[in-house]
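Below is one structure, written out as structure tokens, with a few remarks after it.
The values are calculated or read from the model by the stated rules, or taken from the named source; none is laboratory data. Just so we're clear, the structure is a prediction, and the values are computed from it rather than from any experiment. In this analysis, Cβ positions are derived from the backbone assuming ideal geometry, glycine residues included, and neighbour counts consider all displayed protein chains.
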Amino acid sequence: MLELGLADWGLIAGVAILTAGLGVYWLAPRHFRPVASPLCGIGARDRVFLFDGPDLIDVSSGGQAFLNTDLADFDWSRLRDALMGTFPDFPKSPKDVQSHGNLTIPAKDRKVQGDLVCEWIDGIIRVHLPAPARPETQPQAVSKELETLRMAMGQAPYPVWHIGQDCKLDWGNGAYDDLRRKVGTNKPDDYGPMFPSISAKDAIGQKTRASALMENGGKKLWFDVTVVPQETGYLCYAVDINAVVDAEIAQRNFVQTLAKTFAQLSIGLAIFDRNRQLALFNPALIDLTALPADFLSARPNLLSFFDRLRDHRMMPEPKNYGSWRHQMADLVAAAADGRYQETWTLPSGAVYSVSGRPHPDGAVAFLFEDITAEITLTRRFRTDLEISQSMLDQMEDAIVVFAENGALCSSNHAYRKLWNVDPEASFVQMAILDATRTWQGQCQASPVLGEVRDFVETQENRAEWWGKIQLKTGLDLCCGVYPVSHGATMVVFSRNIPVDPPNGAPFPVPQIVDATDA
């Protein structure tokens, strides 16, 4: 057996160690091998996000600038919420990317350049957003902005122009040139001839109304001119207000027409605005209320107005002065709803009809009308009726009156007692047909009552006549029929029966007397 030397044993040990080292390196797990990071090699403007499942594990500087939020609890769902507006097809969960591998998602807005890319790399999901377009260079941006401003000013529908410190025209847009042609001026100093009533320096910082007269003495064109001071002069804007001016003229004419109409009214008118200040009144109000014109012209408030009416005894005396303010508040509330309508009997004996009506924009109007004559006439008429009725009630004969349409309009006490009926207590108005039924129910059969009914219902050949009827009690009555004014008919039942006519005319044809001969 060969004996090995010390050198040989050293060589064998070295080879064994080298072999073991190579074996360990070869058997080392794959994940310990160095792998390039997915974020390596990207630019500063690239927006890249790395996810391990739903959790964000890394993000590029461009992605951080895009999110601009705290990334401590940032996950897949929050990124999807941030991208849904631009990329509505972004995957709902990382599993969708894992199942499809790589996904390319187009943007909804065509102005966005590039597509969003989702990649599956050994269990890591890489989301890459297209880098935003580079901003234009400064000269390009200025040129584009200048072009936009020129287009906006040139196509503006209202005149815009610039004048220098010497008030000479430097520039005007298309609407200004059109206005120059309408007014017929081509002078360099266009600001003066077009709007002679204002000065550029005096109009600074305020809106000034000015007019320009069209060529050949035509219509006036009205504008609101605004002047803005500049380092090189003044920038002027003119807004067309012809429609506003026409509306103001129409309103002024309408108010003048109303004022003339109100001035001729016999009804007093007082209109209070939304603040309950007197805004309009007519001369009739002064005549009816005896309030001085200077007081009304001072625009008193509503409570002061009614206080002065009370002081002048031009309204009913309040029973309780302590509740006066509450009564006035209720009055105003009722007038605002259109519910106020009262008749005032003044201490002087005059009678006023006062009504309140709501008006637009919270205003309220009060109308005062002197109805003393009407009330006096009504009271006199009512008195005459009461006297006439009292006279009828004093007569022994039973009297009833029917109107032209056959309605029972009046009867006396004797009639109600004779026939045991009270027409005024009936729920419905009685007519000739109801009356004849009542008569027939208490009389022996007689054609006279039918003749009375026919006479009341006809308006031709009307002359007074009479006939005999007999009650079931055996009492004989004379039924007299008399035409009266306005087509009415008066029927009289009397115990005094006239003598039969000498010609022996058969009953019930009565003696006829022409009403025109009576």
Q: Tell me which residues, restricted to segment 468-498, are more than 60 Å from the chain's Cα centre (by Cα), touching a residue at least 60 places away in the same chain (Cβ under 8 Å) and under 14 Å from Ala435 (Cβ atoms).
A: Val491, Val492, Phe493
Q | Given (1) in contact with a Lys or Arg (Cβ under 8 Å, 6 or more places away or on another chain); (2) part of a loop (DSSP other than H, G, I, E, B), number of the condition Asp361 does not satisfy | A | (2)
Q: Given the conditions (1) modelled with pLDDT of 60 or more; (2) part of a loop (DSSP other than H, G, I, E, B), report the number of the one that Ser37 does not fulfil.
A: (1)
Q | Of all residues in segment 330-358 being charged (D, E, K, R) and in a strand (DSSP E or B), the one that is nearest to Ala290 (Cα to Cα) | A | Glu342
Q) If the Cβ limit is 7 Å and pairs must be 6+ apart or interchain, which residue in segment 237-248 that is in the same structural domain as Pro159 (by TED's automatic domain parsing) pairs with which residue that is surrounded by 12 or more Cβ atoms within 10 Å (Cβ to Cβ) and among the hydroxyl-bearing types (Ser, Thr, Tyr)? A) Tyr237/Tyr158; Tyr237/Thr226; Ala238/Tyr158; Val239/Tyr158; Asp240/Tyr158
Q) In segment 425-436, which residues are in contact with a strand residue (DSSP E or B) (Cβ under 8 Å, 6 or more places away or on another chain) and farther than 15 Å from Val452 by Cβ? A) Gln429
Q | Candidate set from segment 193-226 (those that are of a type in the set (Asp, Glu) and modelled with pLDDT under 80); member that is nearest to Asp166 (Cα to Cα) | A | Asp202
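Results for (1) free of Cβ contacts under 8 Å to residues at least 40 places away in the same chain; (2) of a type in the set (Phe, Trp, Tyr); (3) not assigned by TED's automatic domain parsing to the domain that holds Ser353, shown as yes or no for each residue.
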| site | (1), (2), (3) |
| --- | --- |
| Ala259 | yes, no, yes |
| Asp273 | no, no, no |
| Ala290 | yes, no, no |
| Asp294 | yes, no, no |
| Ser297 | yes, no, no |
Q) Which pairs have Cβ atoms under 6 Å, sit 6 or more apart or on different chains, and link a residue in segment 214-234 that is assigned by TED's automatic domain parsing to the domain that holds Asp177 and small (Gly, Ala, Ser) to one that is exposed (fewer than 15 other Cβ atoms within 10 Å of the Cβ) and not in a strand (DSSP E or B)? A) Gly233/Gln165
Q: Mind listing whichever residues of segment 364-419 are under 30 Å from Ala334 (Cα atoms) and among the β-branched types (Val, Ile, Thr)?
A: Val364, Ile371, Thr372, Ile375, Thr376, Thr378
(Q) Just to be sure before I move on: is Pro447 crowded, with 16+ Cβ neighbours inside 10 Å and not small (Gly, Ala, Ser) in the structure I sent? (A) no
Q: Taking Phe90 as the residue in question, decide whether it is surrounded by 15 or more Cβ atoms within 10 Å (Cβ to Cβ) and touching a helix residue (DSSP H, G or I) at 6+ places or on another chain (Cβ under 6 Å).
A: yes
Q: Exactly one condition in (1) under 29 Å from Leu258 (Cα atoms); (2) touching a Lys or Arg at 6+ places or on another chain (Cβ under 8 Å) is not met by Pro347; state its number.
A: (1)
